[in-house]
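A quick write-up on the structure given underneath.
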Amino acid sequence: MKEIEEQHLIESGLVVFDITAADEGTALQVMASLERQWATSGTATLRRTPGIPGVQARVYADTRRRGTE
């Protein structure tokens, strides 16, 4: 996964979530839940890394702003 850039954490309330889940359905459920709670970068592309179990994704969120709920 790429390094987290300073711009993504330049202000209080900005968060980067690195998600690892057993399967795609679980990862998508977690991203949807985050999106309902806070303003996020949306559903990220899921990746599989050889030799590492599960799927990975990165989501950026602004906890100062409400999500879709």
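Observations, loosely collected:
- Alpha-carbon centroids, region 10-38 and region 51-69: separation in whole Å: 2
- Correct choice for volume of the Cα convex hull per residue in Å³ that was computed from the model, options (i) 74; (ii) 88; (iii) 111: (i)
- Cα long-axis angle, helix 24-37 against the chain (0 to 90 degrees, to the nearest 10): 0
- Solvent exposure of the chain as accessible area per residue, Å², 1.4 Å probe: 71
- Just the protein heavy atoms count here, and of the accessible area of the chain at 1.4 Å, carbon and sulfur take up 50 percent.
The values are calculated or read from the model by the stated rules, or taken from the named source; none is laboratory data. Bear in mind that the values here come from a model prediction, so they are computed numbers and not experimental data. Heavy atoms of the whole protein, side chains included, go into the accessibility calculation; ligands, DNA and RNA do not. Shrake-Rupley method; radii C 1.70, N 1.55, O 1.52, S 1.80 Å.
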